[in-house]
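The values are calculated or read from the model by the stated rules, or taken from the named source; none is laboratory data. These numbers were taken from a predicted model, which means no experiment stands behind them. Quick reminder, even Gly has a Cβ in these numbers, built from the backbone with ideal geometry, and neighbours come from all protein chains shown. Keep in mind that these areas ignore ligands, DNA and RNA; they rest on the heavy atoms of the full protein, side chains included. Shrake-Rupley method; radii C 1.70, N 1.55, O 1.52, S 1.80 Å.
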Amino acid sequence: MRTPVIAGNWKLFKTIAEATGMVNELKPLVANASGVEIVVAPVFTALSRVSEALSGSNVRLAAQDCYWEEEGAYTGEVAPKLLADAGCSHVIIGHSERRQYFGETDATVNKKGKAALAAGLTAIVCVGETLAEREADKTFSVIETQLKGGLTGFSSDMLAHSIIAYEPVWAIGTGKTASDQQAQDVHVFIRSLLAQMFDQATANAIRILYGGSVKPDNVKGLMSQPDIDGALVGGASLKADSFAAIANFAA
Ligand code: PGA
C-alpha cells in the first residue's frame, strides 16, 4: 500500500504573510483528509513561519531546492540541515524549472538528493521530458537518463526515503495535462526501471507523483491510475480551496 502524496509547489509566489494566511485557510479544509500525505513548498524566506503555522496540523513542509554541502563558503546557498532546522520534512530536487533556468543537471540532482537524505529529509526527485523529446519518441530514454544519473550511488534504503515526481515539461503551467493513460504509461516505465536498478520490493513501495497542470477536475482520473501515487501541483496549489479540493481527491 502506497500512501498518496499531494504536494503544492508554490514556486516564486507569496510573501510570508500570504503564505501563512494561505496555510491557515488550508488547514481546516484538509483536516479530515486521511490516508494522504499533504505537503506545501513555499519560498525559502517563508519556511520557518509557515512551519510554525502548520504546527499540529496534518500538512508537512518542503523546500523547493537545496545545496549539497552542509556549510562553508557557498554564498547564497541553503543546506539541507538548515531546511530541516526551519521545519522541512521534504525537499523538491531537480524541478524542470531549475534544470531549464538554473543549470541543474542529473549530477547536481544526485549530489543534492544524497545530501537531503543524509539530513533526514525526504527527497522529491523530479524528472520529465520536453515536448520536442516526446515528439521525437525519446520520452523513455530521457527519463531513464535522468533517473540513472540522478540516483547514481543510491541504495535501496535511500530510494525508499525518496519520492519520484514525473512532470512532463510540456504539461507544466500550460493547462495541458498528460492524459491519465499517458501519465500511467510513464509511471509504469519508471517503476519497472527502478525495479531493475534496485529491487522489485523497493520499486513497488516508492511513491511516483504526476505533475503538470493538475487541477481539482482532473485529479480523480489521474489518481485512479494504478501507478500514480499522488500529484505535484503548481498553479492550483496557490489557493487554499483548489489545493484542498485536490488533497481531498478521495472524499
Ligand atoms: P503546474 O506546475 O501544476 O502549474 O503545471 C507543476 C509543477 O511545476 O510542479
Over 18 Å between C-alpha atoms is what I'm after, so list which of Lys14/Lys176; Lys14/Lys239; Lys112/Lys138; Lys11/Lys148; Lys27/Lys239; Lys81/Lys114 land there.
-> Lys14/Lys176; Lys112/Lys138; Lys11/Lys148
Rounded accessible area per residue of segment 72-153, 1.4 Å, Å² | 46
Virtual spin-label span in nm between Lys220 and Ala73, 7 Å along Cα→Cβ = 5.9
Using amide H atoms built 1.01 Å from N in the peptide plane, name the residues 5+ places from Val5, or on other chains, whose amide H lies under 5 Å from its own.
-> Glu37, Gly230, Ala231
Restricting to Cα pairs under 8 Å and 6 or more apart, the percent relative contact order of segment 125-228 works out to 32
For the chain, count all C-alpha to C-alpha pairs, find those more than 32 Å apart, and express that count as a whole percent of the total.
-> 14
Could you check the simple spin-label distance between Ala17 and Ala160, using points 7 Å along Cα→Cβ, in nm with one decimal?
-> 4.7
For Gly234, residues with placed amide H under 5 Å, excluding near neighbours = Asn9, Gly212, Ser213, Val214
Counting only heavy atoms of protein chains, what accessible area per residue, in Å², does segment 201-251 have with a probe of 1.4 Å?
-> 35
Can you send over the solvent-accessible area of Tyr74, 1.4 Å probe, protein chains only, in Å² to the nearest 10?
-> 90
Want the number for Lys176 to Tyr101: 0.36 nm per residue separation, take away the alpha-carbon distance, what's left?
-> 24.9 nm
Over what distance in Å are the Cα centres of segment 115-150 and segment 26-74 separated?
-> 23
Computed helical MRE - 222 nm, the chain, DSSP H runs ≥ 4 contributing -39500 (n - 2.57), nearest 500 = -12000 deg cm²/dmol
With all pairs of different alpha carbon atoms counted, what Kirkwood hydrodynamic radius in Å does segment 1-110 show?
-> 14.8
How long are the three semi-axes of the equivalent ellipsoid for segment 183-251, computed from the Cα gyration tensor as the root of 5 times each eigenvalue, in whole Å, largest first?
-> 26, 10, 10
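Working with all protein chains in place, sort Met197, Met223 by solvent-accessible area computed with a 1.4 Å probe, largest first.
The ranking, largest first, comes out as Met197, Met223.
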Amide H of Ile93: which non-local residues (sequence gap of 5 or more, or other chain) have their own amide H closer than 5 Å, using H built in the peptide plane?
-> Ile124, Val125, Cys126
What list of ³J(HN,Hα) values in whole Hz, one per residue of segment 66-80 in order, does the Karplus curve 6.51 cos²θ - 1.76 cosθ + 1.60 (θ = phi - 60°) give from phi, with Gly and Pro shown as x?
-> 7, 9, 9, 8, 6, 6, x, 7, 10, 3, x, 9, 10, 7, x
Quick one: order Glu69, Glu52, Glu37 from most to least accessible surface, probe 1.4 Å.
-> Glu52, Glu69, Glu37
Summarise the accessible area of segment 55-163 (1.4 Å probe, protein heavy atoms) by the percent that is carbon and sulfur.
-> 50
Relative contact order as a percentage, the chain, C-alpha pairs under 8 Å and 6+ apart, gives 21
Grab the Cα-Cα distance for Asp199 and Phe140, subtract it from 0.36 nm times how many residues apart they are, and report the gain in nm with one decimal.
-> 19.3 nm
